[in-house]
Amino acid sequence: MKKRLNSPFFEIGPKNYLVGDAVIDLARIADEASVKYGINVIFTTPYADIRAVAEKTKNLYVFAPHMDCAPIGRGLANVLPESIKAAGAVGAMLNHSERPLEVSELCKTVARARELDLMTIVCADTIAEAKAVASTGPDMMVVEPVDLIGTGQACDLTYVKASIDAVRSVDPEIGVLVGGGVAGGKDVYDIIMAGADATGSSSGIAKAKDPGAMVQEMLEAARQAWDDRGGKRA
């Protein structure tokens, strides 16, 4: 059974822009903002920080940035699903443009996650890929134009609406996050108002002059947009 987070939700992924205590500090700020604005927050954590983030926050959904469809046993350097779960992760991001998977492997990995009661949020670039990825049965999806990632230029609203329609034409239960180049509260507001269940940011937060203030700005915008939409899923 899918475990899509209640809308609206938001994903924060510091990637490798932040290290060590800076990751923990950002997680704590996101944890408090999640409660303040009533937004479910996925915090996609560098592997080395999964346990610390999980132990030092109460409300975040801690996700690993990837996992492999690997069994317990041999497999040096594979990201074992049981290991990320034991560390405190409740899910994993899959098929990011920086760690892509073939569709056949993605299907197996999504199924492996479900066996362990781990949630999945799976990435797609084009509208065609969004449909293909939706058919693998993830809990949630990130649909974002790869060429906009890290640019600070958000996708146009035509793409937002087309990507949502593409995913829901395959499975209306999948939570749809539309991202790519989200740089501030206005981008967040516009994407949520266009019908997305969620959006998120990596470099837009991690590289901001004040990452904590940017978290507050973005989550407040998500809350405002959702309320302005009438609190209903599009």
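The values are calculated or read from the model by the stated rules, or taken from the named source; none is laboratory data. As the structure is a computational prediction, the values presented were derived from the model and not from experiment. Here Cβ is always computed from backbone atoms with ideal geometry, including for glycine, and neighbour counts include all displayed protein chains. We work out accessible area using only protein heavy atoms, side chains counted, and drop any ligands, DNA or RNA first. Shrake-Rupley method; radii C 1.70, N 1.55, O 1.52, S 1.80 Å.
Observations, loosely collected:
- Summary: within the chain, the longest segment free of GluC sites (Glu not before Pro) located in DSSP loops with at most 15 other C-beta atoms within 10 Å is 1-97.
- The residues of the chain expose, per residue, 44 Å² of accessible area to a 1.4 Å probe.
- Here the label points at residue 16 and residue 135, each 7 Å from Cα along the C-beta direction, are separated by 3.4 nm in the simple model.
- Around the Cα centre of region 1-91, unit charges on the Cβ atoms of Lys, Arg, Asp and Glu (plus for the first two, minus for the last two) sum to a dipole of about 320 debye.
- The chain, helix-only ellipticity at 222 nm - DSSP H runs n ≥ 4, -39,500 (n - 2.57), divided by all residues, nearest 500: -12500 deg cm²/dmol
- Annotation: lysines with alpha-carbon distance below 28 angstrom to residue 56 (same-chain offsets under eight excluded): 2, 3, 15, 36, 85, 207, 209.
- Note on surface exposure: 42, 127 rank 127, 42 by accessible area, highest first, 1.4 Å probe.
- Between the residues 202, 159, 215, the greatest Cα displacement towards the positive end of the dipole of region 123-234, with unit charges on the Cβ of Lys, Arg, Asp and Glu, is found for 215.
- DSSP H segments from the chain that extend 15 Å or more along their own axis, Cα-based, with Kyte-Doolittle mean of -1.0 or above: 21-37, 103-115, 157-170, 211-228
- Amide H partners (placed H, <5 Å) of residue 120, local residues excluded: 92, 139, 140
- Measuring with a 1.4 angstrom probe and ignoring ligands and nucleic acids, residue 31 comes out at about 20 Å² accessible.
- Rounded percent of accessible protein surface that carbon and sulfur make up, region 20-160, 1.4 Å probe: 52
- Point-charge dipole on Cβ atoms (K/R +1, D/E -1) for the chain, about Cα centre, debye to 20: 440
- Counting only residues at least eight positions apart within a chain, or on another chain, the aspartates and glutamates with an alpha carbon under 12 Å from that of residue 131 are 165, 171.
- Shown here for region 17-59: trypsin sites (Lys or Arg not before Pro) in loop regions (DSSP other than H, G, I, E, B) with at most 11 other Cβ atoms within 10 Å, namely 58.
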